[in-house]
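Have a look at the structure below before the remarks.
The values are calculated or read from the model by the stated rules, or taken from the named source; none is laboratory data. In this text the structure is predicted, and so the values were computed from the model without any measurement. Using ideal geometry, Cβ is built from the backbone for each residue, glycine included, and neighbour counts are taken over all protein chains shown.
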Amino acid sequence: MENSFVIQELVKQIDRLGKEVIWPAAIEADEEEKFDRKLFSQLGEIGLLGMVGAEEYGGSNLNYSDYVSVLERLAYYSLPYAVTASVSIMVQKMIEDAGSEAQKKQYLEKLISGEMIGSFALSESHSGSDAAALKTTAKKVSGGFELQGSKMWITSGGLSGVYVVMARTGEKEISAFLVPDGAPGFTLGKKEKKMGWKLSPTRELIFQNCFVSETQLLGKVGEGFKLALSALNKGRVTIGAVAVGLSQMALDLSLAFSKERKQFNTLLNQFQGIQFMLADMATETYAARALVMQAAQALGNPQSSLSQKNASALTALCSMAKLKATDVGMQVTTDAVQIHGGVGYTSEYHVERLMRDAKALQIVEGTNQIQRMVIARNL
Ligand SMILES: Cc1cc2nc3c(=O)[nH]c(=O)nc-3n(C[C@H](O)[C@H](O)[C@H](O)COP(=O)(O)OP(=O)(O)OC[C@H]3O[C@@H](n4cnc5c(N)ncnc54)[C@H](O)[C@@H]3O)c2cc1C
């Protein structure tokens with residue numbers, strides 16, 4: 001089947017789920033912090049979770065840029081579901097790229113079908129931006145490793161069936177482990193009370209003498225940080241795509257509102273002050289999408305001149321996409337609240353939720369200050 005037909009069909013299915021299921025439940029799901037597990041499985045059934053997955057495990061092996069454009073559409077209806085999907089797909093790709101055959105058999109089909117969700121666990125209370133300073137240890141014991149320590153702010157904590165946990169196997173050596181839900185010595189810490197992303201649980205993970213067998217080491221000993229950074233490169237582009245979807249919804253809601261609301265006996269969209277805001281929102285959203293797409297295309301094409309010539313230029317491009325799109329997301333959603341006036345500050349009109357959701361995008365997967373550091377380093 002032609003890729004473009006597959007993508008069109010996927011977008012149609014997401015529009016259907018978005019209009020019939022996600023959007024009508026969005027306010028209540030936010031207020032009650034309710035994650036719809038069945039809906040997430042449906043994202044697997046329609047093929048979204050397997051878009052870039054290997055065909056032998058049920059994936060469609062499509063281009064990274066196709067995946068990013070479909071993810072943007074999901075984020076249009078719900079940022080938290082799009083983020084859950086993007087992190088789980090990031091874990092899926094880490095296993096596909098670095099995992100053993102047994103690990104692929106154990107996890108990939110389940111992650112692709114949506115039967116299982118994956119989490120990425122790097123951050124700790126003392127090491128967020130300075131992720132390499134992590135303190136969780138993995139001591140070699142007979143038949144495997146014993147983890148000690150804790151991870152903070154882990155997306156989908158408590159929902160996931162598998163956690164990729166970065167832990168220190170030596171003073172200067174970080175390794176990655178696949179820790180299944182329910183592993184002995186692994187417990188969930190507190191669930192964070194957050195400003196946004198309310199239906200996506202963010203939790204602490206605690207490891208006390210947590211045994212993981214040798215077969216759960218992902219890649220080689222000492223390769224963990226490299227694997228994490230490479231996954232984050234891609235993750236940053238998907239976070240950019242999520243921000244673009246969010247901005248597009250904020251713009252569409254603002255446009256519709258400006259065509260209905262009258263002040264001074266005039267529709268809001270007849271005021272030049274409002275027209276200029278809408279024009280800027282549209283232009284910035286468009287520019288962010290173009291940058292995200294360029295990064296996605298470069299990532300998905302190892303033959304591209306950028307990928308081949310200079311890996312750090314590609315890393316910087318991914319950082320630019322994340323930085324630009326998430327700063328635009330914050331600006332556009334803030335303007336959307338402004339255009340709505342008083343009702344924009346109430347939950348009924350959705351835009352206040354979009355603004356709260358936008359903020360975390362400037363923090364996760366490397367704050368936007370860290371993205372600027374990465375970009376500057378490459379100049
Ligand atoms: C909703 C949510 C979900 C998350 N999900 C995950 C997850 O699934 N997995 C995971 O591992 N982590 C996750 N995180 C953690 C996230 O990646 C970290 O919060 C982030 O990397 C920042 O780390 P920090 O909070 O420790 O802030 P800090 O590193 O303490 O930074 C505080 C401030 O200082 C700035 N700063 C730090 N260093 C510098 C510098 N050198 N120059 C200039 N400014 C600097 C930062 O940009 C920031 O503004 C999540 C966080 C949130 C809020």
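Which of the residues belonging to segment 357-379 are near the ligand (Cβ under 10 Å from one of its atoms) and either part of a helix (DSSP H, G or I) or assigned by TED's automatic domain parsing to the domain that holds residue 81 (or both)?
Just the residues of segment 357-379 that are near the ligand (Cβ under 10 Å from one of its atoms), to begin with: 357, 359-373.
Answer for segment 357-379, where residues must be near the ligand (Cβ under 10 Å from one of its atoms) and either part of a helix (DSSP H, G or I) or assigned by TED's automatic domain parsing to the domain that holds residue 81 (or both): 357, 359, 360, 361, 368, 369, 370, 371, 372, 373.
Restricting attention to segment 185-230, which residues are crowded, with 21+ Cβ neighbours inside 10 Å and aromatic (Phe, Trp, Tyr)? Answer for segment 185-230, where residues must be crowded, with 21+ Cβ neighbours inside 10 Å and aromatic (Phe, Trp, Tyr): 197, 207.
Pairs linking a residue in segment 148-170 that is aromatic (Phe, Trp, Tyr) to a residue that is within 8 Å of the ligand (Cβ to nearest atom), with Cβ atoms under 6 Å and 6 or more positions apart or on different chains, are 153/123; 153/202; 163/119; 163/121.
Give segment 139-154 a look and list any residue that's within 16 Å of the ligand (Cβ to nearest atom) and of a type in the set (Ser, Thr, Tyr), or say none. So that I can check it myself, show each step before the final result.
Pass one, segment 139-154, residues within 16 Å of the ligand (Cβ to nearest atom): 147, 149-154.
The answer is 150, and nothing else.
Table: residues versus (1) farther than 17 Å from residue 79 by Cβ; (2) surrounded by fewer than 17 Cβ atoms within 10 Å (Cβ to Cβ).
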{"position": "5", "(1), (2)": "yes, yes"}
{"position": "9", "(1), (2)": "yes, yes"}
{"position": "19", "(1), (2)": "no, yes"}
{"position": "28", "(1), (2)": "no, yes"}
{"position": "45", "(1), (2)": "yes, yes"}
{"position": "52", "(1), (2)": "yes, no"}
{"position": "61", "(1), (2)": "yes, yes"}
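The number of residues in segment 95-138 being more than 8 Å from the ligand (Cβ to nearest atom) and aromatic (Phe, Trp, Tyr) comes to 1.
Here's the yes/no breakdown for (1) assigned by TED's automatic domain parsing to the domain that holds residue 169; (2) over 25 Å from residue 324 (Cα atoms):
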position	(1), (2)
184	yes, yes
202	yes, no
251	no, no
265	no, yes
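Figure legend. Inter-residue proximity from segment 352-369: first residues farther than 14 Å from residue 75 by Cα and in contact (Cβ under 8 Å) with a residue 40 or more places away in the chain, second residues acidic (Asp, Glu) and surrounded by fewer than 21 Cβ atoms within 10 Å (Cβ to Cβ), beta-carbon distance below 7 Å, spacing 6+ or different chains. Indicated pairs: 368/327.
Here are some residues: 258, 247, 254. Which one is touching a Gly at 6+ places or on another chain (Cβ under 7 Å), closer than 23 Å to residue 75 by Cβ and away from the ligand (no atom under 16 Å from the Cβ)?
On the way: 258 fails: touching a Gly at 6+ places or on another chain (Cβ under 7 Å); 254 fails: touching a Gly at 6+ places or on another chain (Cβ under 7 Å).
Being touching a Gly at 6+ places or on another chain (Cβ under 7 Å), closer than 23 Å to residue 75 by Cβ and away from the ligand (no atom under 16 Å from the Cβ) holds for just one of 258, 247, 254, which is 247.
Every condition in (1) within 23 Å of residue 249 (Cα to Cα); (2) within 19 Å of the chain's Cα centre (by Cα) is met by residue 19 except one, and the failing one is (2).
Among the residues of segment 175-226, those identified as away from the ligand (no atom under 16 Å from the Cβ), at negative phi and part of a strand (DSSP E or B) are 180, 187, 208, 210, 211, 212, 213, 217. Considering (1) without any contact (Cβ under 8 Å) to a residue 12 or more places away in the chain; (2) part of a helix (DSSP H, G or I), the lone condition that residue 61 does not fulfil carries the number (2). Against the conditions (1) assigned by TED's automatic domain parsing to the domain that holds residue 82; (2) at positive phi, residue 112 satisfies every one except (2).
Among the residues of segment 331-379, those that are surrounded by fewer than 16 Cβ atoms within 10 Å (Cβ to Cβ) and within 20 Å of residue 81 (Cβ to Cβ) comprise 347, 363. Exactly one residue out of 52, 6 is of a type outside the set (Phe, Trp, Tyr) and in a loop (DSSP other than H, G, I, E, B), and it is 52. Number of residues in segment 114-143 that are over 18 Å from residue 230 (Cβ atoms), over 18 Å from the mean Cα position of the chain (by Cα) and either of a type outside the set (Lys, Arg) or crowded, with 23+ Cβ neighbours inside 10 Å (or both): the value is 13.
Are any of the residues in segment 343-356 within 13 Å of the ligand (Cβ to nearest atom) and part of a helix (DSSP H, G or I)?
As a first pass, look at segment 343-356 and keep what is within 13 Å of the ligand (Cβ to nearest atom): 356.
Filter once more, keeping what is part of a helix (DSSP H, G or I): 356.
Checking segment 343-356: at least one residue is within 13 Å of the ligand (Cβ to nearest atom) and part of a helix (DSSP H, G or I).
Checking every residue in segment 316-330 against the condition of being more than 14 Å from the ligand (Cβ to nearest atom), of a type in the set (Asp, Glu), surrounded by 14 or more Cβ atoms within 10 Å (Cβ to Cβ) and not assigned by TED's automatic domain parsing to the domain that holds residue 131 gives zero matches.
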